[in-house]
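Undergrad: To start, I am sharing the structure in question, which I have written as structure tokens.
The values are calculated or read from the model by the stated rules, or taken from the named source; none is laboratory data. These numbers were taken from a predicted model, which means no experiment stands behind them. Here the Cβ positions follow ideal geometry from the backbone for every residue, glycine too, while neighbour counts run over all protein chains shown.
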Amino acid sequence: MILTTQQLKENYKNFVDAKGKIKRDVRDGKLFQLVRGLYETNPNVEGFKLAQFIYGPSYLSFDYALYRYGLISEAVYNTFTCATFNKNKIKTYTNHFGTFVYRDVPKNVFRLGIIVNQENNYVYQIATPEKALCDKLYITSPIKNLKSLKELLFADLRIDEDSFKKLNKQDILSLAPLYHSANLNLLVKYLKGDE
């Protein structure tokens, strides 16, 4: 369960030194600090369920989502990549549950293509496979032509071609132009078969 410092102080109001009790619980492995002012009580919860609480608003995307959907085979163990907007910098947090990396996507696409999941008492947001691919191409250095795009997708990023073919083409064609990105404009051309 995720608890704020304020909630813990309320829980520990019968202690003379509530802050000291929090510190002792962290030291003794009863509480796990996510970031300043935020704690988790369950040492075994999967990190992806905590990502949007550590820094937000955010949702899981990029490499983590691509791996989870089977689009890339390289495991991203204990690294949870997330999309934010208007933060203007990459933020990284490391704690007991893993490393959490946050990068911007354009504000106008931020709320599109997100799935809200609930597992036990945790609710988390993750990009659809199509959105995760668009997000990944958005943060990747610009390329110049379709040949380079294919190389980027299938050699550099190692996107699984069979999984790529199963993506919802219409979703990508709707989303991609909203990024105003050279890479995504090329992806649209590629999907439309404009060689």
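Undergrad: Under 8 Å between Cβ atoms, at least 6 apart or on separate chains: pull out the pairs that start in region 172-195 with a residue that is among the acidic types (D, E) and end on any residue that is buried (at least 19 other Cβ atoms within 10 Å of the Cβ).
TA: none
Undergrad: Select from region 107-147 the residues that are part of a loop (DSSP other than H, G, I, E, B), more than 15 Å from T84 (Cα to Cα) and either among the basic types (K, R) or in contact with a Lys or Arg (Cβ under 7 Å, 6 or more places away or on another chain) (or both) and list them in ascending order.
TA: Selection gives K144 alone.
Undergrad: While we're looking at this one, here's another question. I126 - would you say it is β-branched (V, I, T), over 18 Å from the mean Cα position of the chain (by Cα) and surrounded by 15 or more Cβ atoms within 10 Å (Cβ to Cβ)? Can you show your working first?
TA: Working: β-branched (V, I, T): yes; over 18 Å from the mean Cα position of the chain (by Cα): no; surrounded by 15 or more Cβ atoms within 10 Å (Cβ to Cβ): yes.
No.
Undergrad: Which residue, of F80, F62, is on the phi > 0 side of the Ramachandran plot and surrounded by 19 or more Cβ atoms within 10 Å (Cβ to Cβ)?
TA: Details: F80 fails: on the phi > 0 side of the Ramachandran plot.
Step by step, each of F80, F62 is checked, and only F62 is on the phi > 0 side of the Ramachandran plot and surrounded by 19 or more Cβ atoms within 10 Å (Cβ to Cβ).
Undergrad: Got at least one residue in region 30-53 being among the aromatic types (F, W, Y), over 19 Å from the mean Cα position of the chain (by Cα), under 19 Å from T92 (Cα atoms) and at pLDDT 95 or above?
TA: So in region 30-53, the residues among the aromatic types (F, W, Y) come out as 32, 39, 48, 53.
Now narrow it down to the ones that are over 19 Å from the mean Cα position of the chain (by Cα): 32, 39.
Restricting the remaining residues to those that are under 19 Å from T92 (Cα atoms) gives 32, 39.
Still in the running and at pLDDT 95 or above: 32, 39.
Yes - at least one qualifying residue is present in region 30-53.
Undergrad: For G98, are the conditions met, namely being surrounded by fewer than 24 Cβ atoms within 10 Å (Cβ to Cβ), in the same structural domain as A155 (by TED's automatic domain parsing) and under 20 Å from D156 (Cα atoms)? Lay out the reasoning, then the answer.
TA: Numbers: surrounded by fewer than 24 Cβ atoms within 10 Å (Cβ to Cβ): yes; in the same structural domain as A155 (by TED's automatic domain parsing): yes; under 20 Å from D156 (Cα atoms): no.
No, not satisfied.
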